[in-house]
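Heads up: the structure comes next, in structure tokens.
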Amino acid sequence: MIIRVLNRGQFRFDESHLDDLNACDDAVEAAMEARDQTRLTAALQTLIDEIEKLGERLPLDSLEESDLIVPDVDATIEDVEALMNDSEVDEGFIPGRAPEA
């Protein structure tokens, strides 16, 4: 799976780590529901940090099609809304749900 983080590049990502990203994605969704830009920025930073930690960065000249697109940490609530509306995923940016604790 290829995840593109806008303005940062693409990462090859093993789907076995999707649950790890879902908890971060849930925080993005909660910030969006609250329309809280500060929480959104923090949640996006955490999500991007996890993608960078768990994924393999692809070369900048790589032209592989992205399976998922995640906004950069500087994205506004409106930017994220637009991306979520264009996304094929029903909730958030990452498919599936994190396991309940």
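Some notes on this structure:
- Some residue of the stretch 13-25 being under 17 Å from ALA75 (Cα atoms), part of a helix (DSSP H, G or I) and of a type outside the set (Ser, Thr, Tyr): yes
- Of all residues in the stretch 11-34, one or more are more than 14 Å from the chain's Cα centre (by Cα), loosely packed, with under 14 Cβ neighbours inside 10 Å and at pLDDT 95 or above.
- Applying a threshold of 6 Å to beta carbon distances and a minimum spacing of six or more residues, or different chains, the list of pairs starting in the stretch 61-80 at a residue that is within 12 Å of GLY9 (Cα to Cα) and ending at one that is part of a helix (DSSP H, G or I) reads PRO71/ASP79; PRO71/VAL80; PRO71/LEU83.
- Counting residues in the stretch 66-78 that are open to solvent by less than 70 Å² (accessible area, probe 1.4 Å), touching a helix residue (DSSP H, G or I) at 6+ places or on another chain (Cβ under 6 Å) and part of a loop (DSSP other than H, G, I, E, B) gives one or more.
- Taking the criterion of being assigned to a loop (DSSP other than H, G, I, E, B) and touching a residue at least 40 places away in the same chain (Cβ under 8 Å), the residues of the stretch 41-60 that qualify are GLY55, LEU58, LEU60.
- Candidates ARG12, ARG39 - the one that is basic (Lys, Arg), out of contact with any Cys (no Cβ under 6 Å at 6 or more places or on another chain) and farther than 17 Å from GLU81 by Cα: ARG12
- Residue-level check: of (1) open to solvent by less than 40 Å² (accessible area, probe 1.4 Å); (2) of a type in the set (Val, Ile, Thr); (3) closer than 21 Å to ILE77 by Cβ, ILE3 misses just (3).
The values are calculated or read from the model by the stated rules, or taken from the named source; none is laboratory data. These numbers come from a predicted model, not from an experiment. Methodologically, a virtual Cβ is constructed for each residue, glycine included, from the backbone with ideal geometry; neighbour enumeration extends over all protein chains shown. Keep in mind that these areas ignore ligands, DNA and RNA; they rest on the heavy atoms of the full protein, side chains included. Shrake-Rupley method; radii C 1.70, N 1.55, O 1.52, S 1.80 Å.
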